[in-house]
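Read the structure below first, then the notes.
The values are calculated or read from the model by the stated rules, or taken from the named source; none is laboratory data. Keep in mind that what you see is a predicted model, and the values were worked out from it rather than measured. Here the Cβ positions follow ideal geometry from the backbone for every residue, glycine too, while neighbour counts run over all protein chains shown.
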Amino acid sequence: MRLNCTVNGEARQADDVWAGESLLYVLRERLGLPGSKNACEQGECGSCTVYMDGTPVCACLVAAGQAEGRDVVTVEGIADGPVQQAFLAAGAVQCGFCTPGLVVAVHDLLARDSAPTDPEIREALAGNLCRCTGYEKILDAVRLAVQR
Amino acid sequence: MKTFNYLRATDVDVALQRIAVEPGARFLGGGTNLVDLMREGIEAPETLIDITRLPLDGIEELPDGGLRIGALVRNSDLAAHPVVRGRYPFLSQAILLGATGQIRNMATVGGNLLQRTRCLYFYDEASACNKREPGAGCAAREGFNRGNAVLGTSDACVATHPSDMAVALAAIDAVVEVRSSRGTRHIPLTEFHLLPGTTPHLESQLESDELITAVELPPLPVAAHSYYRKVRDRASYAFALVSVAAALDFGADGRIADVRLALGGVATKPWRARTAEQLLLGAAASEDSFATAAAAELAAAVPLPGNAFKIDLACRTVVAVLRRLTTERSGS
C-alpha cells in the first residue's frame, strides 16, 4: 500500500508499505527519521514515543495502516525546543537510547503542565525506561527545562 | 510475527459482516495488548480489522444521569472526563493507576475489558498453560505465583484478570453493549468475564463475531463518594497485587446506607465483593465491621505458596479504603 501521512508538518508518502508493519518501522526505515528508537517492541520502554494527532503514543504498537492520514510529530520535529537543550545541559544522556522518547514525553508534559512537581514528573515519565538508570539527571533536565 | 491481512473498517455493520464470515480475524483497537501478544506468538490472527476509525469514540450523558462510553474511547480521555471525575471518581483513579501515559493514550475501553492476563506462564511459550493451550497444565501452580489469583481460581487456572478499570466498572454495575450481525446484546460487566473452571481459554461472553460497542454506567449517587487504591510492588507502572474499588454512603442514622466494593489483583475476573457488601449494608462504620466484611469475602480464597499474603493484604486494603471513605464523609 501507499501510506500518506503528515510527519513533522510535511506531507509524506511511503510506497510498498505492508499495512501491518509498525509506524516506527515506517518512520525509521522508509522515511529516514531514525530519532525514534526501536527497543522493547512491546510499548513498555517508551523509546519510540511520537505524537500522533497531538497525543504521545508508542509508535511500535501503531500499525502503519492506522497511521494513514494522521499527523505525526517525531523527536526530529521538536529538535529546536528547550527540552533537548536541557537534557544536554544537565548531562541527562548516557547511552542515549531512551533520550528521544524522553524528549517527546517531557515535551508533552510541559505542554500540559508548565510547573510539574517531582512526583508528577516521575509519573509522567513512568512509560520511559532508562536502562542506564540515569533517572536523577533526567529529573534534573526536566526541572531545568521547566525553569527555561 | 506472522504476517496478517490488514483491513480498515469505516462502518460498524461492514466490520461485523466481515468478521462473521472470517472467524480467524480479530478487531484491532489501540493494539497495546494484541500487538504485543502477536509479537510473542501467543496470538496469530490471519486478519486484523482496524476499528479505530469507527464512530464509537464518544462519551454521552444519559437522561437518567448515567453515562454511555463508546468502546473506542481512549483510557486517557475517559479518566479525564469531567463527569467521570465528578460522579465516578474511582473509575478515573483506577484508569490513571494503570499502565503509562503513552499506553493510556492508545488503549481503548473495549480493549481494556478484553486484555489478557499477564500471568508469567501464559506469556512464556515454553511453560505449560491451560489458557494458552487447553489441557497442557498450569505451570503457575508449582511456579512463581506471587502475582496469581486467590479468588475464582480452578485446578486449571490461577491467572488474574489484569484490568484496573474493570474493577471500578464491576463496582458500578456497568453494562457492556455488544453487537454482531445477529443483533445487539447487553451484558452486565460482572457477568461479562467468565471464571476459568475447566475452560480457562474462554475468558468472556463475547462471541467471535461480536464487537463491544459501548459501556454504559447507570446513575449511581454513592459512586460520587468512592476511592480506588492499588497496592503493587513499585509505585508506578505495575500490575496490582491487590486493588480495591469502593463507594460508601451513610443514612441519617449514621449507618451504611449504600456500599459498592470490588477487588482487583486477587481474582480471575474483576471481583465484585457481594458477600462483604451484604454484611456492610446497614452496619455501623467501624474497623470491626469493615474487617469482618473483608474477612468474609476472602473466606473463599484458595492460596498458593507464593500468593497467600494477598489474603491478609486484601483484607487490610479493604479496611483502609473504607476507613478513608468514612473519614471523608464525616469530615464533609
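What the table shows:
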item: Any hit, segment B:48-63, residues being surrounded by fewer than 17 Cβ atoms within 10 Å (Cβ to Cβ), within 14 Å of chain A (Cβ to nearest Cβ) and small (Gly, Ala, Ser); result: no
item: Failed item, numbered, when B:VAL84 is tested on (1) outside any loop (DSSP other than H, G, I, E, B); (2) more than 21 Å from the chain's Cα centre (by Cα); (3) crowded, with 17+ Cβ neighbours inside 10 Å; (4) more than 10 Å from chain A (Cβ to nearest Cβ); result: (2)
item: Those residues of segment B:16-37 which are touching a residue at least 40 places away in the same chain (Cβ under 8 Å) and within 14 Å of another protein chain (Cβ to nearest Cβ), in sequence order; result: B:PHE27, B:GLY29, B:GLY30, B:GLY31, B:THR32, B:ASN33, B:LEU34, B:LEU37
item: Near pairs, Cβ below 8 angstrom, 6+ apart or cross-chain, from segment B:119-136 (in contact (Cβ under 8 Å) with a residue 60 or more places away in the chain) to any residue that is part of a loop (DSSP other than H, G, I, E, B) and polar (S, T, N, Q); result: B:LYS131/B:THR117; B:PRO134/B:THR199
item: Segment A:53-69, subset surrounded by fewer than 24 Cβ atoms within 10 Å (Cβ to Cβ) and part of a loop (DSSP other than H, G, I, E, B), residue nearest to the other protein chains (Cβ to nearest Cβ); result: A:GLU68
item: Qualifying position, being under 19 Å from B:ASP50 (Cβ atoms) and assigned to a helix (DSSP H, G or I), among A:VAL50, A:VAL26, A:VAL72; result: A:VAL26
item: Residues (under 13 Å from the mean Cα position of the chain (by Cα), in a loop (DSSP other than H, G, I, E, B) and not charged (D, E, K, R)) located in segment B:160-194; result: B:THR160, B:HIS161, B:PRO162, B:SER163, B:ALA174, B:LEU194
item: The lone exception for A:VAL72 - which of (1) within 19 Å of A:GLY9 (Cα to Cα); (2) within 14 Å of another protein chain (Cβ to nearest Cβ); (3) surrounded by fewer than 17 Cβ atoms within 10 Å (Cβ to Cβ) it fails; result: (3)
item: Residue that is more than 26 Å from B:ALA299 (Cα to Cα), at pLDDT 95 or above and outside the structural domain of B:ALA308 (by TED's automatic domain parsing), where the choices are B:GLY147, B:GLY143, B:GLY135, B:GLY152; result: B:GLY135
item: Among (1) modelled with pLDDT of 95 or more; (2) touching a helix residue (DSSP H, G or I) at 6+ places or on another chain (Cβ under 7 Å) - the single one B:GLN278 does not satisfy; result: (2)
item: Single unsatisfied condition, B:GLY41 versus (1) at pLDDT 95 or above; (2) surrounded by fewer than 17 Cβ atoms within 10 Å (Cβ to Cβ); (3) more than 12 Å from chain A (Cβ to nearest Cβ); result: (1)
item: Single residue of B:ALA140, B:ALA149, B:ALA136 found to be under 29 Å from B:ALA235 (Cβ atoms), over 20 Å from the mean Cα position of the chain (by Cα) and either within 14 Å of another protein chain (Cβ to nearest Cβ) or aliphatic (A, V, I, L, M) (or both); result: B:ALA140
